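Okay, structure first, notes after.
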Amino acid sequence: MLQVNNLKVSFKTPNGLVEAVKSSTFTLAKGETVGIVGESGSGKSVTSLAVMRLLDRQNTVTGGEILLDDIDVLKLPEQEMRNVRGNRIAMIFQEPMTSLNPVLTCGHQVTEAIRVHLASTQNEAREKTIKLFNEVQLPRPDAVFDSYPHQLSGGQKQRVMIAMALACDPDILIADEPTTALDVTVQKTILELLQKLKIGRNMSMIFISHDLGVVSQVADRVIVMYKGSVVEQGETRAIFTNPTHPYTKGLLACRPAPQLHLKRLPVVADFLGVNGGKGATIEKIREQNAYSEQEIIERRKKLYDQQPILRINELCTWFPLRGRLFSATKSFVKAVDKVSFDVYPGETLGLVGESGCGKSTLGRSLLRLIEPTSGDVKFENTDLLKLGKHDMRLMRRNIQIIFQDPYSSLNPRLTVGDSLMEPLQVHQLYENNTQRKKRVLELLDRVSLPTEYFNRYPHEFSGGQRQRIVIARALALQPKFIICDESVSALDVSVQAQVLNLIRELQQEFNLTYIFISHDLSVIKHISDRVMVMNRGEIVETGEPDEIYYRPKMEYTKRLIDSIPG
């Protein structure tokens, strides 16, 4: 049905043409799902955009052909190509918040596509949109129709994007990272929904992801891309059980494996010979990095024989709901409700749960970035909730946070060097900016970034590099305690492995204490000494990682574990 032959895509840069896709060749049959996997920058999304002709043809597609039922779409006039988009090939874009127009209602955006392609009346378009919202299992479709994107959760926005892609009954659906950064439970629902829609409509699907576990569930065949080239392709089972290319082996190995206790996750470089690991096998690398049972017992004894560094007692963070104008009673959203726990020096306490369960609110309440409603937060016997603004600012030298989205948490108008020097200047550490710059260069080196990055801006870096910069900034003040809020959720599995290894190395080097917040139980199990499960503002279960993973007591925890792909 679709044939991509020797596709070449290049981008014009000040330094000349950069090849983003190099002679890619693959096919897609009727009713088939082909998975494309690889790291960010491997050419996955660029390939799909080329198929949709959403790239500047003069500047970018430099060779090859894309045949849709033997017609080369690269040679079609733009007017004819506009009819192909939506009617024949549709796309679910990676980030629904940026793909949806924030000033138009969700219903308007879907009806617009229907009216442009199908020449329907307003009422017909509305009826079809409501029907599509029902089909993608959106709650209260009529209310969603009149809602703006910011009023919906991540999973609901993704469903709106799926409904928009399906509006004109396409033959081929391209799903570009449709579950990245979603909860495992929402991810599972979206994957099941896509499978159901594909079978019900007899569509073909190209499913793009960096998560091999997700691809293994949905794809009939898998294409592995690395640095713009297709390095391996074949049936899903064959690729997963017997990968031949070192890069594929690396991708499979660097995902945290729940059954293993590893000091360090394997990374792609181990298999490509960069780290002296030429010819290495997954089993050999994992065996070399495994914790022994005795080492785990000794670590736990050392940790829990100490006094806690942080004590939380009956912490509540409630948000009032807007009621009627003269109503005496107020109702509240109990984002954090009567939460109590201790954290020990040098420990990594994992906090897991779905979006909206209160994880991030809890993390920010501990730092008083959100003011708690009641309770006690004692850090080294100092009650943080009783400190004045000046004393709390001084205390923040010891308690830092790594935010979920590194791009949003870095000022786009400041260079990396200025962003890292700013906390040192605010807290008046070191005598002058020369000494501060020296400290910043040391930090960049420590997080494996070249010192020449000092004068670059955030937009010049990849997601993984930006995350390293944010980690360096958190370390600048030499804190004792760091909250990692979903700090690896949107990263490639290969970059995720590098960042998780870095977080653990820094803990050993500086004796750091972490609360590690994530919706990914396999990541939490790898990095944590203890795990807390949160649901609807409450801690519903606490225990050792193996105990939570293999012997969960609560139905909610069991549901989280059942949703893990792979």
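The values are calculated or read from the model by the stated rules, or taken from the named source; none is laboratory data. These figures come from a predicted structure and were not determined experimentally. Here the Cβ positions follow ideal geometry from the backbone for every residue, glycine too, while neighbour counts run over all protein chains shown. Surface accessibility is based on the protein's heavy atoms, side chains included, excluding ligands, DNA and RNA. Shrake-Rupley method; radii C 1.70, N 1.55, O 1.52, S 1.80 Å.
Short-range pairs are left out: with C-alpha atoms under 8 Å and at least six residues apart, the relative contact order of the chain is 14 percent. I'd like the accessible area for Tyr148: 1.4 Å probe, protein heavy atoms, all chains in place, Å² to the nearest 10. Only protein atoms counted, so the area is about 80 Å². Note on Lys8: lysines with a C-alpha under 17 Å away, same-chain residues under 8 apart excluded, are Lys22, Lys44, Lys75, Lys227. Applying 0.36 nm per residue to the separation of Gln122 and Glu431 and subtracting their alpha-carbon distance, the gain on full extension is 104.5 nm.
Between Asp562 and His150, the FRET efficiency from the beta-carbon distance, with R0 = 41 Å, is close to 0.85. Neighbours of Ser99 by Cβ distance under 14 Å: Lys/Arg scored +1, Asp/Glu scored -1, total -2. The separation of region 350-418 from region 226-242, counted between C-alpha centres, amounts to 42 Å.
At an R0 of 60 angstrom, the distance between the Cβ atoms of Lys386 and Asp72 translates into a FRET efficiency of 0.25.
Under a 5 Å amide H cut-off, with hydrogens placed 1.01 Å from N, Ser229 pairs with Lys22 among residues at least 5 apart or on other chains.
Using the rule -39500 (n - 2.57) for each DSSP H run of four or more residues, divided by the residues of the chain, the 222 nm mean residue ellipticity is -11500 deg cm²/dmol.
Annotation: per residue accessible area for the chain equals 46 Å², rounded to a whole number [probe 1.4 Å, protein chains only].
DSSP beta bridges fully contained in the chain are about 55 percent antiparallel. For Lys558, the solvent-accessible surface computed with a 1.4 Å probe is close to 80 Å², ligands and nucleic acids excluded.
By accessible area, using a 1.4 Å probe on protein heavy atoms only, the chain has 48% of its surface on carbon and sulfur. Axis angle, to the nearest 10 degrees, between helix 154-166 and the longest C-alpha principal axis of the chain: 0 degrees.
Positive contributions from Lys and Arg (+1) and negative ones from Asp and Glu (-1), summed over other residues with Cβ under 11 Å from the Cβ of Val21, come out at +3. Computed with every protein chain present, the accessible area of Lys22 is close to 80 Å² [probe 1.4 Å].
Mind jotting down the distance between the C-alpha centroids of region 510-566 and region 122-176, whole Å? Taking the Cα centre of each part, region 122-176 and region 510-566 sit 32 Å apart. Annotation: amide H of Val61 within the under-5 Å range of Ser10, sequence separation 5 or more or interchain, hydrogens built in the peptide plane. Each other residue within a Cβ distance under 12 Å of Ile71 adds +1 if Lys or Arg and -1 if Asp or Glu, for a net charge of -3. Protection proxy ranking of 6-18, 404-416, by the mean of other Cβ atoms within 10 Å over each peptide's residues and highest first, is 404-416, 6-18. For region 156-276, the antiparallel share of DSSP beta bridges with both residues in that region comes to about 55%.
For a paramagnetic label modelled on Asp376 (point 7 Å from Cα along Cα→Cβ), amide N atoms under 20 Å away belong, within region 532-553, to 539.
Across Lys480, Lys386, Lys301, Lys359, the residue with the most accessible area heads the list, and the full order at a 1.4 Å probe is Lys386, Lys301, Lys480, Lys359.
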